[in-house]
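J.: Dropping a structure here in structure tokens format, bear with me for questions.
The values are calculated or read from the model by the stated rules, or taken from the named source; none is laboratory data. These numbers were taken from a predicted model, which means no experiment stands behind them. Note that each Cβ is placed from the backbone with ideal geometry, even for glycine, and that neighbours are counted across all protein chains shown. Surface accessibility is based on the protein's heavy atoms, side chains included, excluding ligands, DNA and RNA. Shrake-Rupley method; radii C 1.70, N 1.55, O 1.52, S 1.80 Å.
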Amino acid sequence: MARPELVIRTTREDDWREVRDLRLEMLRDTPIAFGDRYERAIEFDESEWRTRAKRGESATQTVIVAIEDDRWVGTMGCFVPDAATGPLLVGVYVTPDRRGGGSGVTDALLDEIERWAAGRADTLRLEVHEDNPRARRYYERRGFSYTGHSREYELEPGGLELEMVKRLR
């Protein structure tokens with residue numbers, strides 16, 4: 001059986017339902033990873049979801065999605081909080097049955113984010129929870145290194161968000 005075609009693209013305002021559904025899946029699957037809670041997000045109205053979906057159309061931030069046969073299987077976002085720190089990778093998620101090196105979903109998403117970020121700065125930063133070893137190993141394999149900076153994670157169960165950076169050019 002042939003593997004479904006993988007489409008990588010930015011989100012658009014009209015994608016608000018898919019953005020909502022994937023975000024709620026993310027929050028149920030990995031509650032320590034997104035600085036938000038399912039119980040809060042489920043209460044958002046259509047206007048909020050449209051605003052979030054429209055981020056992919058912005059010049060100052062992006063949201064990239066991976067779609068296989070109309071099924072949204074992953075997402076990553078990036079924005080520039082300030083010129084001094086440069087682009088920050090956020091909202092990284094791949095649905096459980098598409099995780100791992102064999103599917104190519106994570107790599108395809110990160111490749112696109114890195115292209116976007118390289119047009120704005122020399123480096124790409126991210127924060128990863130100390131209790132997320134799978135993500136930490138992936139970022140290390142992709143060339144990210146720890147900066148030595150960390151911050152307290154604001155939601156339960158607490159812990160630290162570890163900063164990593166990758167030189168893009």
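J.: Within the stretch 73-95, track down each residue that is hydroxyl-bearing (S, T, Y), in contact with a helix residue (DSSP H, G or I) (Cβ under 9 Å, 6 or more places away or on another chain) and not in a strand (DSSP E or B).
T.: Once the filter is applied, which keeps residues that are hydroxyl-bearing (S, T, Y), in contact with a helix residue (DSSP H, G or I) (Cβ under 9 Å, 6 or more places away or on another chain) and not in a strand (DSSP E or B), the stretch 73-95 yields only T95.
J.: Something else about it: Checking the structure you have, find out if any residue of the stretch 86-100 is of a type in the set (F, W, Y), farther than 18 Å from L6 by Cα and open to solvent by less than 30 Å² (accessible area, probe 1.4 Å).
T.: No, the conditions are met nowhere in the stretch 86-100.
J.: Looking only at the stretch 25-43, filter to residues that are among the hydrophobic types (A, V, I, L, M, F, W, C) and either open to solvent by 70 Å² or more (accessible area, probe 1.4 Å) or part of a helix (DSSP H, G or I) (or both); which one of those is farthest from V80 (Cα to Cα)?
T.: Per the stated criteria, the residue is I42.
So that you can scan it fast, the table gives a plain yes or no per residue for (1) without any contact (Cβ under 8 Å) to a residue 24 or more places away in the chain; (2) among the small types (G, A, S); (3) in a strand (DSSP E or B); (4) surrounded by fewer than 14 Cβ atoms within 10 Å (Cβ to Cβ):
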position	(1), (2), (3), (4)
A108	no, yes, no, no
E112	no, no, no, no
G148	yes, yes, yes, yes
P157	no, no, no, yes
K166	no, no, yes, no
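J.: Return yes or no: is R125 open to solvent by less than 60 Å² (accessible area, probe 1.4 Å) and basic (K, R)?
T.: yes
J.: Return the only residue of L88, L27 being within 30 Å of T147 (Cα to Cα) and in contact with a Cys (Cβ under 8 Å, 6 or more places away or on another chain).
T.: L88
Listed here are the residues, each with its yes/no results for (1) over 16 Å from the mean Cα position of the chain (by Cα); (2) at pLDDT 95 or above; (3) exposed (fewer than 13 other Cβ atoms within 10 Å of the Cβ); (4) among the aliphatic types (A, V, I, L, M).
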| site | (1), (2), (3), (4) |
| --- | --- |
| T11 | no, yes, no, no |
| V19 | no, yes, no, yes |
| R23 | no, yes, no, no |
| D45 | yes, yes, yes, no |
| R52 | no, yes, no, no |
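J.: Looking at (1) charged (D, E, K, R); (2) under 15 Å from the mean Cα position of the chain (by Cα); (3) farther than 20 Å from D29 by Cβ, find the lone condition where R141 falls short.
T.: Evaluating R141 over (1) charged (D, E, K, R); (2) under 15 Å from the mean Cα position of the chain (by Cα); (3) farther than 20 Å from D29 by Cβ leaves (2) as the failure.
J.: While we're here: Looking at the stretch 75-95 only, could you name the residues that are within 8 Å of the chain's Cα centre (by Cα) and of a type in the set (G, A, S)?
T.: Once the filter is applied, which keeps residues that are within 8 Å of the chain's Cα centre (by Cα) and of a type in the set (G, A, S), the stretch 75-95 yields G77, G91.
J.: Still on this structure: Would you check if A66 is assigned to a strand (DSSP E or B), hydrophobic (A, V, I, L, M, F, W, C) and buried (at least 17 other Cβ atoms within 10 Å of the Cβ)?
T.: yes
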